[in-house]
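Chemist: I have a structure I would like to understand better, so I am pasting it below and will then ask my questions one at a time.
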Amino acid sequence: MEDNLDQDWLIVGGSPRSGTTLMALLLNSHPNIFLTNEHNLPQILNILKKAFFKENEFYRINSNFERNKGVKETWTNKDILDQTLQKKNSLNGVAAFLYQQNARALGKVNPLIVGDKLPRYYFVDFEEFSNVVEKPIKIIHISRHPLDVINSMLIRYQNRLKGKDTWTLTSTLEESLNEWIHGWNSVVKNESQQILHIKYEDLCLFDTKIILEKISSFLLIPNTFNANIIETNQSKHFERKALNDDHIIKIKNHLGSLLNDWNETNLQVLIERYGEFPTINTIKKESKILSKINSLKKKIFRKKI
């Protein structure tokens, strides 16, 4: 059976700890979808491009140069180029084939949609990848209540200190809040028909069937997802044990009534009502600490002199 090398490409993303893993698992339960876990498609593309080293070498040496040849040598530079692996001829197919073959190993023959789960995708430039595959990349962005996202990040950092996790992205309340803000702002300012914005709570608790139909319609595939993957027990979704009263006050001072409105309000209404949020400048605090350290060093140095 021939491979389908004309599949659509999809990214699943959002702020870390927002449910991107759940969304990827749900999508991968569909027979026509195969997603990798945080492989970073542009990074894969850069690695694949290395296979075309001879093409790069050709253009570097021969693009404006034709060497002297013997009387029996009738070939031209173009003949050599025709015998060289060229990105325009096969890079798209190589990327598609890579995903198709891995999908086939899992029993999925010629999935219609392939892609990657990549939290913080909004910090990655997908333009070149989109140009190579000659298709726009669809994005499913999932957003979750900021208190739950921040709580989850703080727990993971605490577990790291105990040697039970490898979390390195954030270590403070401010850094965690900024991560949520980056994710929120990215989808607020980037309205597109290629982006489907999903609320985690709607998917898991309030409108599961409706959300699954939205995803199905967005991806143009039948709704045959395995909904049993979704944990619908509400008591398991709002564990905020890492947040104390001071934490919540600080978050509320920055995000305002969004915390109260989140569960009861439509995403589009939330976007229209609150728009983008400014991030907290954590660099100043670090700069002050560094300044104090440098000042102490100078004092110690003077004393030694």
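Chemist: What ranking do 127-138, 179-190, 12-23, 253-264 get when scored by the average of other Cβ atoms within 10 Å per residue, highest first?
Modeler: Numbers: 127-138: 15.6, 179-190: 19.7, 12-23: 25.0, 253-264: 14.0.
Top to bottom by mean Cβ count within 10 Å: 12-23, 179-190, 127-138, 253-264.
Chemist: Order of 274-280, 36-42 by packing, highest average Cβ count within 10 Å first? Before the final figure, lay out the partial values.
Modeler: Working: 274-280: 14.3, 36-42: 17.0.
Averaged packing, sorted descending, gives the order 36-42, 274-280.
Chemist: If you don't mind, there's one more thing I want to ask. Taking R0 as 25 Å, what's the FRET efficiency between N110 and I210 from their Cβ-Cβ distance, rounded to 0.05? List each step's numbers first, then the result.
Modeler: On the way: r = 29 Å, r/R0 = 1.17.
The computed FRET efficiency comes out at 0.30.
Chemist: Sticking with this one: Using only DSSP helix segments of four residues or longer, with each worth -39500 (n - 2.57), what per-residue ellipticity at 222 nm results for the chain after dividing by its residue count and rounding to 500? Before the final figure, lay out the partial values.
Modeler: On the way: 13 runs with 149 residues, N = 305.
Helix-only estimate at 222 nm: -15000 deg cm²/dmol.
Chemist: Using a 10 angstrom cutoff on alpha carbons, build the Gaussian network for the chain and name the most mobile of Y59, Y122, Y157.
Modeler: For the chain, modelled as a Gaussian network with Cα springs under 10 Å, the answer is Y59.
Chemist: Calculated FRET efficiency, S257 and Y59, Cβ-Cβ r, R0 45 Å, to nearest 0.05? Please list the in-between numbers first.
Modeler: Numbers: r = 58 Å, r/R0 = 1.28.
Step by step, r from the Cβ atoms, then E = 0.20.
Chemist: Tell me, what is the FRET efficiency for Q158 and T224 to the nearest 0.05, using R0 = 22 angstrom and their Cβ-Cβ distance as r? Could the numbers behind the result be given before it?
Modeler: Values: r = 39 Å, r/R0 = 1.78.
Computed FRET efficiency for Q158 and T224 comes out at 0.05.
Chemist: Here is a follow-up. Which entries in K50/K87; K87/K135; K209/K252; K138/K199; K117/K138; K108/K209 show an alpha-carbon gap greater than 20 Å? Intermediate results must be reported in sequence, preceding the final value.
Modeler: On the way: K50/K87 10 Å; K87/K135 16 Å; K209/K252 31 Å; K138/K199 17 Å; K117/K138 12 Å; K108/K209 25 Å.
Beyond 20 Å between Cα atoms: K209/K252; K108/K209.
Chemist: Work out how much length E272 to T232 would gain on full extension: take 0.36 nm times their residue separation and subtract the Cα-Cα distance, in nm to one decimal.
Modeler: 11.6 nm
Every number here is computed from the coordinates shown, using simple stated rules; none is lab data. Keep in mind it's a predicted model, so treat the numbers as computed, not measured. Every residue, glycine among them, receives a Cβ derived from its backbone with ideal geometry; neighbour counts consider all protein chains shown.
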